[in-house]
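See structure below.
The values are calculated or read from the model by the stated rules, or taken from the named source; none is laboratory data. Here the structure is a predicted model, which is why all the values come from computation and not from measurement. So basically every Cβ, Gly included, is an ideal-geometry build from the backbone, and we count neighbours across all protein chains shown. Heads up: the accessible areas ignore ligands, DNA and RNA and are worked out on the full protein's heavy atoms, side chains in. Shrake-Rupley method; radii C 1.70, N 1.55, O 1.52, S 1.80 Å.
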Amino acid sequence: MTYCVGLSVEEGIVMLSDTRTNAGLDNISIFSKMFTVEQPGERALVVMTAGNLAITQAVWNHLQAGLWHNGLQQRLTDVPDMVSAAQLVGAAVRLVAQQDGPALAGQGISFDCSLLLGGQIAGGPPRLFLIYSAGNFIETTDDTPFLQIGEHKYGKPILDRVLTPQTSLIEGVALTLISMDSTLRSNLSVGMPLDLAVVRTDELRIGTRRRITDDDPYYRTIRDGWSQALRDAYQALPRPDFVPH
């Protein structure tokens, strides 16, 4: 299991992923689930993955090597816009499904992967997409300016309550860390360290790329502060007057 979350706001894109991969309680490893493509001044793309590790690594390998799509051999460095980038990722997913799907099915293993693709290519706005295991995809909207893959239910409430397209990038980083911390506390299959990437609108570069460990001072401040704020809010709530004392 994993948890990856991406925010798309007016100031840019925030992407955060955990790094835990497990195949049973006694087989836990750390693998980065975040990949980047950067040509400063021209494009800055971030890909995050969830699902079967062998499948997602195969997808990324195809994207690095290039694959035939719309009559051309293309990489993420070649596509002209973000929609084309999402289509290329979807094509890579379908290619891996064609190559490995039958063998996986023969072993009783489902073809399981999903990816978040966010960033900006010169000439267009920042955009954020979720690509499914069938290769199709959806995009964020003003009503829902975030996307999640993996173990998403614990980290969703804070985003539903607080996030808007006008949220600043700095606030967005704090929100993604709160969302991740809520997931870490409730699901042992999601684990530290974390990978963070921030792409500011029209900078066309990855302005922040950070590995966050459990002893990171800012993460500890967010974790402890949010826990205390929740306890304080709970204590301030009125008690039910319909329950006998």
| Number of the exception - A54 against (1) crowded, with 21+ Cβ neighbours inside 10 Å; (2) out of contact with any His (no Cβ under 6 Å at 6 or more places or on another chain); (3) on the phi < 0 side of the Ramachandran plot | (1)
| query | If you take the residues in segment 119-161 that are among the acidic types (D, E), modelled with pLDDT of 95 or more and not in a helix (DSSP H, G or I), which one is surrounded by the fewest Cβ atoms within 10 Å (Cβ to Cβ)? | reply | D143
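List the strands (runs of 3 or more DSSP E) that sit entirely inside segment 1-118 and contain at least 3 residues that are of a type in the set (S, T, Y) and farther than 28 Å from M192 by Cα.
Details: elements: 3-9, 12-17, 20-22, 28-30, 34-39, 43-51, 67-69, 72-74.
Result: empty, no element qualifies.
Hey, could you check segment 66-79 for residues that are open to solvent by 60 Å² or more (accessible area, probe 1.4 Å) and within 23 Å of the chain's Cα centre (by Cα) and say which is farthest from Q39 (Cα to Cα)? So that I can check it myself, show each step before the final result.
Here is the first cut: in segment 66-79, the ones open to solvent by 60 Å² or more (accessible area, probe 1.4 Å) are 68, 70-73, 75, 78.
Right, trim to within 23 Å of the chain's Cα centre (by Cα) and you get 75, 78.
Details: R75: 13, D78: 11 Å.
Among those that are open to solvent by 60 Å² or more (accessible area, probe 1.4 Å) and within 23 Å of the chain's Cα centre (by Cα), it is R75.
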| message | If I go through segment 193-208 residue by residue, how many of them are farther than 13 Å from R43 by Cβ and not acidic (D, E)? | response | 9
| note | Exception for V198 within (1) assigned to a strand (DSSP E or B); (2) open to solvent by 60 Å² or more (accessible area, probe 1.4 Å); (3) among the β-branched types (V, I, T) falls at (2)
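Going through R209, R205 one at a time, which residue ends up being open to solvent by 50 Å² or more (accessible area, probe 1.4 Å), in contact (Cβ under 8 Å) with a residue 60 or more places away in the chain and not in a strand (DSSP E or B)? Spell out the reasoning first.
Details: R209 fails: not in a strand (DSSP E or B).
On inspection, the qualifying residue turns out to be R205.
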